[in-house]
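Notes follow once the structure below has been shown.
The values are calculated or read from the model by the stated rules, or taken from the named source; none is laboratory data. Since we're looking at a predicted model, the values are computed, not measured. Glycine also receives a Cβ, built like all others from the backbone with ideal geometry; neighbour counts cover every protein chain displayed. We work out accessible area using only protein heavy atoms, side chains counted, and drop any ligands, DNA or RNA first. Shrake-Rupley method; radii C 1.70, N 1.55, O 1.52, S 1.80 Å.
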2 protein chains.
Amino acid sequence: MLTVVKVGGNIIDDEKKLASFIEIFASIDGDKILVHGGGKVASAIGAQLGLVPDYIDGRRVTDAETLKLVTMVYAGLINKNIVACLQAKGCNAIGLTGADANIIQAVKRPVKDVDYGFVGDVNEAGVATKSLSMLLNAGLIPVVAPLTHDGNGTMLNTNADTIAQELAKAICKVMDVQLVYGFEKDGVLKDARDNNSVINKITVADFDRLKNDGTINGGMLPKLQNACAAIEYGVSKVIIGNALHLPELINGTAGTQIV
Amino acid sequence: MLTVVKVGGNIIDDEKKLASFIEIFASIDGDKILVHGGGKVASAIGAQLGLVPDYIDGRRVTDAETLKLVTMVYAGLINKNIVACLQAKGCNAIGLTGADANIIQAVKRPVKDVDYGFVGDVNEAGVATKSLSMLLNAGLIPVVAPLTHDGNGTMLNTNADTIAQELAKAICKVMDVQLVYGFEKDGVLKDARDNNSVINKITVADFDRLKNDGTINGGMLPKLQNACAAIEYGVSKVIIGNALHLPELINGTAGTQIV
């Protein structure tokens, strides 16, 4: 079983939480891939560089300067610090973007109404499962920054949730895969204000009902839509929950399991 | 035969020269590793970030902020752009620092008279030849940024010439290795003012004579000392010359061959 873990920005931004997470991630058994974000760190360094973020309908536009920024911050600063810290815990990590070993090729998002700039849309056909399997078989732990490339020499900015999902969908054709979305909440909540109201298990069949009765709404909707899509593609299990409870998420005693 | 190529800052800094170099590097046959610098790009971005470089006796000190800067610029911006461009030329590049797959572990330089900060001293014992061989055997082309790690979670800044040399010295124990130092001049010159006075071949035995009669002096002395040390360690050939004449350097029709 390969475990693909996405860890979100709120952990990456916080030195202590990141150190705890790295220790926990290093300790989990079996083949594993870590996908990380880092938007807040990029924004802070962008501000130091005098870059003014450009948003269209709440989505950040990746112009040429922003592409340089995220390539520096995601693939350099954040990725290498995670890799060095994992190495210190005896975990033989290797930091990658989509360009490295051509693991994820993407298509620059076509300009329709909006030009999002250097943003890469990816699907499971762009994932080099053979290269990833080779690295995993060699005992390496890929640590993937949220960047892809277009195959013509240009890096592209791609959402980390999407990368985790597409990696899981592609690799599940050749091995069993479970996908963990680690974030700051304990799971999918019955009552968004009550962190103790975690729904332990949601089947793909349940999802429509929970959506229709309004239990699942807001930002959780696309997360669960993606989770259900991954299950339908053949991913064994998707787990949503607190990144710092990773072993409990994997053994089923915490978080929300989507099956 | 594995070819380890170091490409210097004057190529990295110049978009057109870099594009030419990448095309040439992609075209050379056999196993290969590229080691790149990038100090000028780092200095420019450091200036944008308001970092004031600190030099002691002409050597830059790597304080905590400078370490962040070089990790971003070397491992992120420069490394990933080279990798993406090599991929576009059909060369299955994988960008690495010393932390990735633990390929180069270094020791933070001890503080004697001077504290150089987060600078890593490396020797061939710190090089993971097994991991590098595995990547090469899988058909991957390592592109190595001038960064190492200390094994305790900290990245370290290491000179690119040194990294190229230590990689060559370590890997030559398991396969034939030639080491190419690509820079802006055509080779070791008899007359430093005359780019047509390239010395085609220098043996380790010649070196003392050329040093004593003053033919080799200044900045070329440490380069050739390192080259001779590499030969004595078992590297087949060291070649010094114009990075943009890489095929001619390798086939012996340009540059200075140290044997």
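From (1) buried (at least 21 other Cβ atoms within 10 Å of the Cβ); (2) in contact with a Gly (Cβ under 7 Å, 6 or more places away or on another chain); (3) away from chain B (no Cβ under 14 Å), pick out the condition that doesn't hold for A:Ala164.
Failing condition for A:Ala164: (2).
Looking at B:Ile45, B:Ile24, B:Ile82, which is the one that is touching a Lys or Arg at 6+ places or on another chain (Cβ under 9 Å) and part of a helix (DSSP H, G or I)? Write out each step before concluding.
On the way: B:Ile24 fails: touching a Lys or Arg at 6+ places or on another chain (Cβ under 9 Å); B:Ile82 fails: touching a Lys or Arg at 6+ places or on another chain (Cβ under 9 Å).
The unique qualifying residue is B:Ile45.
Quick one: is B:Thr215 surrounded by fewer than 16 Cβ atoms within 10 Å (Cβ to Cβ) and hydroxyl-bearing (Ser, Thr, Tyr)?
Taking the combined requirement at face value, the residue does not satisfy it.
Name the residues in the range B:76-118 that are closer than 16 Å to B:Pro142 by Cβ, open to solvent by less than 10 Å² (accessible area, probe 1.4 Å) and either without any contact (Cβ under 8 Å) to a residue 60 or more places away in the chain or away from chain A (no Cβ under 13 Å) (or both), would you?
Within the range B:76-118, B:Lys80, B:Ala84, B:Ala93, B:Ile94, B:Gly95, B:Leu96, B:Thr97, B:Ala99, B:Asp100, B:Ala101, B:Ile103 qualify.
Go through the range A:119-157 and report how many residues are open to solvent by 10 Å² or more (accessible area, probe 1.4 Å) and either in a strand (DSSP E or B) or over 30 Å from A:Gly90 (Cβ atoms) (or both). Working first, answer last.
Residues of the range A:119-157 open to solvent by 10 Å² or more (accessible area, probe 1.4 Å): A:119, A:121-131, A:133-134, A:137-139, A:141, A:150-154, A:157.
Going one step further and asking which of them are either in a strand (DSSP E or B) or over 30 Å from A:Gly90 (Cβ atoms) (or both), we end up with A:119, A:121-127, A:141, A:150-154, A:157.
Adding up the residues that qualify gives 15.
Return the residues of the range A:190-202 that are touching a residue at least 12 places away in the same chain (Cβ under 8 Å) and open to solvent by 50 Å² or more (accessible area, probe 1.4 Å); say none if nothing qualifies. Give the derivation first.
Looking only at the range A:190-202, we keep the residues that are touching a residue at least 12 places away in the same chain (Cβ under 8 Å), and these are A:190, A:192, A:198-202.
Answer for the range A:190-202, where residues must be touching a residue at least 12 places away in the same chain (Cβ under 8 Å) and open to solvent by 50 Å² or more (accessible area, probe 1.4 Å): A:Lys190, A:Ala192, A:Asn200, A:Lys201.
When you scan the range A:41-52, do you find a residue that is more than 14 Å from every other protein chain (Cβ to nearest Cβ) and within 18 Å of A:Ala243 (Cα to Cα), even just one?
no
Where the second residue is open to solvent by 20 Å² or more (accessible area, probe 1.4 Å) and part of a helix (DSSP H, G or I) and the first is in contact (Cβ under 8 Å) with a residue 60 or more places away in the chain and of a type outside the set (S, T, N, Q) and lies in the range B:125-151, which pairs have Cβ atoms under 7 Å and are six or more apart or on separate chains?
From the range B:125-151, the pairs are B:Ala145/B:Tyr74; B:Pro146/B:Tyr74; B:Leu147/B:Tyr74.
In this structure, does B:Gly187 turn out to be touching a Gly at 6+ places or on another chain (Cβ under 6 Å) and either surrounded by fewer than 20 Cβ atoms within 10 Å (Cβ to Cβ) or not aromatic (Phe, Trp, Tyr) (or both)?
Numbers: touching a Gly at 6+ places or on another chain (Cβ under 6 Å): yes; either surrounded by fewer than 20 Cβ atoms within 10 Å (Cβ to Cβ) or not aromatic (Phe, Trp, Tyr) (or both): yes.
Yes: the conditions hold for B:Gly187.
Tell me which residues, restricted to the range A:159-184, are of a type outside the set (A, V, I, L, M, F, W, C) and not in a helix (DSSP H, G or I). Before you say what the answer is, go through the steps one by one.
In the first step, residues of the range A:159-184 are kept if they are of a type outside the set (A, V, I, L, M, F, W, C); the result is A:159, A:161-162, A:165-166, A:169, A:173, A:176, A:178, A:181-182, A:184.
Correct list: A:Asn159, A:Lys173, A:Asp176, A:Gln178, A:Tyr181, A:Gly182, A:Glu184.
If I ask for residues that are touching a residue at least 12 places away in the same chain (Cβ under 8 Å), surrounded by fewer than 18 Cβ atoms within 10 Å (Cβ to Cβ) and assigned to a loop (DSSP other than H, G, I, E, B), which ones from the range A:218-249 would you list?
A:Gly218, A:Gly234, A:Ser236
Is it true that A:Lys80 is farther than 21 Å from B:Met72 by Cβ and basic (Lys, Arg)? First the steps, then the outcome.
Working: farther than 21 Å from B:Met72 by Cβ: no; basic (Lys, Arg): yes.
The answer is no for A:Lys80.
Quick one: is A:Lys68 open to solvent by less than 30 Å² (accessible area, probe 1.4 Å), farther than 15 Å from A:Asn81 by Cβ and of a type outside the set (A, V, I, L, M, F, W, C)?
no
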